[in-house]
Amino acid sequence: MNPFDVHTEPLDEQNLQVLLAYSVRAAAVKAVAEEKADGWLERIDSLPQINPEDLTRCHGQLIAFGFLKFEVSGRSHGLRYQLSDRGRRAMELSCRSSSNEPTDDDLADDSSAEYPEAA
């Protein structure tokens, strides 16, 4: 595998849930921020559908894949996280592949479809 290849396989369900949680949290912070938010978020410590050990594993995998960025922000805040552009693309790809709706590319490639003739 080329180290510059983008991970293109759909994410597993737990990793996808973590990315979605960070995406929702980032949107909520941005919506209510009076000043420009820096985009860094406190660690998500719990999700109802993921046990704590699996959540820790997900954070590690997402960082290793380059889907989640982190920074050490000092003793008061600890680690903070941010969804990377690569993570956003992987999340969108996974959401698209899990839905049954055709994408724009699917519709454009459907040149073999038969259309009824106008009477």
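Structure data summary
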| quantity | calculated |
| --- | --- |
| Residue check for residue 44: in a loop (DSSP other than H, G, I, E, B), closer than 26 Å to residue 96 by Cα and of a type in the set (A, V, I, L, M) | yes |
| Sole exception among (1) modelled with pLDDT of 95 or more; (2) assigned to a loop (DSSP other than H, G, I, E, B) for residue 102, by number | (1) |
| Qualifying positions in the stretch 58-70 - in a helix (DSSP H, G or I) and surrounded by 15 or more Cβ atoms within 10 Å (Cβ to Cβ) | 58, 59, 61, 62, 63, 65 |
| Enumeration of residues in the stretch 38-77 that are within 17 Å of residue 13 (Cα to Cα) and either of a type in the set (Val, Ile, Thr) or in contact with a strand residue (DSSP E or B) (Cβ under 6 Å, 6 or more places away or on another chain) (or both) | 44, 50, 56, 62, 63, 68 |
| Those residues of the stretch 1-32 which are at pLDDT below 80 and either surrounded by 12 or more Cβ atoms within 10 Å (Cβ to Cβ) or small (Gly, Ala, Ser) (or both), in sequence order | 7, 10 |
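The values are calculated or read from the model by the stated rules, or taken from the named source; none is laboratory data. Bear in mind the structure is a predicted one, so any value in this text is a computation, not a measurement. Every residue, glycine among them, receives a Cβ derived from its backbone with ideal geometry; neighbour counts consider all protein chains shown.
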